[in-house]
Ligand SMILES: [Zn+2]
Ligand SMILES: [Zn+2]
């Protein structure tokens, strides 16, 4: 009779399934889950010298240690965590970001636009009118344009972007090959980050769809076919653009909450701005997002929170590297294929 049961490796009671990676009974499964989600830290009062019966019934410290030693692992989902003040603060910040991100994903999946405004026009409140995409086939250039545009809309929907200090125009003067151009702070922030944001979102889509490389929404390669004709691009280089960032995100097991927070932390880069007032707006906002990310890490990863936070920062370097590659590729592609026509907003930001 006894042999017809398999035993829980923790308490030796009958077990019917593997939970969190270990053959265990329901009671031990629930116990382990509760300790992790409530982020409790139980200590044995007898220095770990409890009997097996005590270890699996009365002493929570010993029981938790048995669970851990047996190899149980469980990463709680942020939404499963118990409510407390810290969680409420993080939830408020995350709510807006997750909503806007879901809207952007939906736009990418189902819509498109035929309009062709410049970045300045969009910032002057001329949003491009989106329409439902029916049987229309988009080119690679269409996809990258739309990824960039939906990222711009994402950032323009954040409240602080309407701050008057960010709309100041006259004080920033950039010298470039076209002579002097005057830009608003909004424009500077968006120009510097919207392509990276679009890459990052595209990589997150790959992670969600369990792919190890970037692809267009309709499942095609991110490059136009003719790119293979140009010997300037090595296959290695093209492969690196497709997979560098995605691989890092898979390795980190990046969650959607971490993704949306990293995205806005990178966007809010006060170093890009010159004057005090605009810089203050952006620094303050970056602090809000950074604190939310650290708090999130502490809530979800417990005592490993700070090291998780540091791991996430390593992602920033990879995003920049991926962007540099894309930028180099774009410049060379333009030289090889000068007849290609880009939408105005793409020319404005790359
Ligand atoms: Zn058990
Ligand atoms: Zn004990």
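Every number here is computed from the coordinates shown, using simple stated rules; none is lab data. The shown structure was predicted, so the numbers you read here are calculated from the model rather than taken from an experiment. Here Cβ is always computed from backbone atoms with ideal geometry, including for glycine, and neighbour counts include all displayed protein chains.
Here are some notes:
- Of 107, 286, 86, the one that fluctuates the most in a GNM where the chain has Cα springs shorter than 10 Å: 86
- Shape call, region 227-290: gyration tensor on alpha carbons, a/c limit 1.5: oblate
- Shown for region 298-350 is the translational diffusion coefficient from the Stokes-Einstein equation, using the Kirkwood radius over Cα pairs, a temperature of 10 °C and a viscosity of 1.306 mPa s: 113 µm²/s.
- Cα shape, region 182-337, gyration tensor, a/c 1.5 rule: oblate
- With neighbours defined as other Cβ atoms within 10 Å of a residue's Cβ, the residues 124, 258 order from fewest to most as 124, 258.
- Once the Kirkwood radius over Cα pairs is known for region 2-69, the Stokes-Einstein relation at 10 °C and 1.306 mPa s delivers a diffusion coefficient of 130 µm²/s.
- Relative contact order of the chain, pairs being alpha-carbon contacts under 8 Å that are 6 or more residues apart, as %: 17 percent
- Label-point separation in nm, residue 46 to residue 136, each point 7 Å along Cα→Cβ: 7.2 nm
- Each principal axis of the Cα cloud of the chain was taken in turn, and the coordinate range along them, longest first, works out to 82, 49, 35 Å.
- In the chain, the DSSP-assigned H stretches of four residues or longer account for a calculated mean residue ellipticity at 222 nm of -18500 deg cm²/dmol, using -39500 (n - 2.57) per stretch and the full residue count as denominator.
- Quarter the surface of the alpha carbon convex hull of region 258-348 and you get the mean projected area, 7.8 square nanometres.
- Highest-MSF residue in the chain out of 15, 201, 278 [GNM, Cα springs under 10 Å]: 15
- Convex hull volume per residue, computed on the Cα atoms of region 100-255, equals 153 Å³.
- Rounded Å value of the spacing that divides the Cα centres of region 185-207 and region 263-340: 9 Å
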